[in-house]
Amino acid sequence: APPVRRCRGLLRSRTMPHVVCPGSFDPPTLGHLDIVRRAAQLFDRVTVAVLINPDKSGPFTVDERLDLLRVAGSGWANVTVDSFDGLLVDYCRRNGIDAIVKGLRAVSDFEYELQMAQMNAGLAGIDTVFIPASPEHSFLSSSLVKQVARYGGDVSALLPAQVTAALARKLGR
C-alpha cells in the first residue's frame, strides 16, 4: 500500500479518529478547504468549527459561513460543520474530539500555532496536528481575499464558486 494508506490506517485504528479544524472562515477559501480535504483523508471524522467571536466583524455572519462551508464540503461524508464560542479545548471535550488540525502557511504561522498547541495540550491534553499548506495556497488568507475583493480584484481563483458569488453579493457586485 502507498505510504498515505498505511499512515491513514494506523491513525484510524489507534490514535485520533475525530479531529476539529477550527477557524473564523470569513470567508472560507480554497486553502481552508484543502486542509479540510486532507484531514478528511487521514481521520475518521472531521468537524469544521467556526469560531463565534463577537469582537470580530466581517462580511459574513456565522450562519452564512456555516452554510457556505456545508455546501463546499458536501462531498466529504466524514466532514461536519459546527460553530463554537469560548475555549476550543472545551468544545473538543464536549464533543469527544481527539485532536485539533491546523494548516500552516509559513514559519510565522508555526510560531503562533505552536504556542496555541502547547497551551491546548496543557489545558486539556488535546494534541494539535499541523498540515502544511499546499504550495498553491501558501500565500492565501481570508484577510487578503477580503482586501483584494474590496478593491475590485478578482478573487475567483482563491474561493469556491459559491463563496465568490456570495462575496460579490455582499460587496454589491
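Descriptive notes on the structure:
- Bridges between two residues of the chain, per DSSP, are antiparallel at a rate of about 0%.
- Whole-percent carbon and sulfur share, accessible surface of the chain, 1.4 Å: 54 percent
- Database remark: amide H of residue 60 closer than 5 angstrom to no amide H (H placed geometrically; neighbours at sequence offset of 5 or more, or on other chains; Pro and chain starts carry no H).
- Solvent-accessible surface of the chain, averaged per residue with a 1.4 angstrom probe and all protein chains in place: 54 square angstrom.
- Partners of residue 102 within straight-line reach, counting aspartates and glutamates whose Cα lies under 13 Å from its Cα and excluding those fewer than 8 residues away in the same chain: 34, 111, 113, 127.
- For residue 159, the residues 5 or more places off, or on other chains, whose built amide H falls under 5 Å of its own are 30.
- Gaussian network model of the chain, Cα within-10 Å springs - most flexible of 49, 40, 161: 161
- Close amide H contacts of residue 80 (hydrogens built in the peptide plane, cut-off under 5 Å, sequence separation of 5 or more or a different chain): 46, 47, 48.
- For the chain, the share of alpha carbon pairs falling in successive 5 Å distance bins from zero is 1, 8, 17, 20, 22, 16, 9, 4, 2, 0, 0 percent.
The values are calculated or read from the model by the stated rules, or taken from the named source; none is laboratory data. Note that the structure is predicted; figures quoted are calculated from it, not measured. Note: accessible area is taken over every heavy atom of the protein model, side chains too, but ligands, DNA and RNA are not part of it. Shrake-Rupley method; radii C 1.70, N 1.55, O 1.52, S 1.80 Å.
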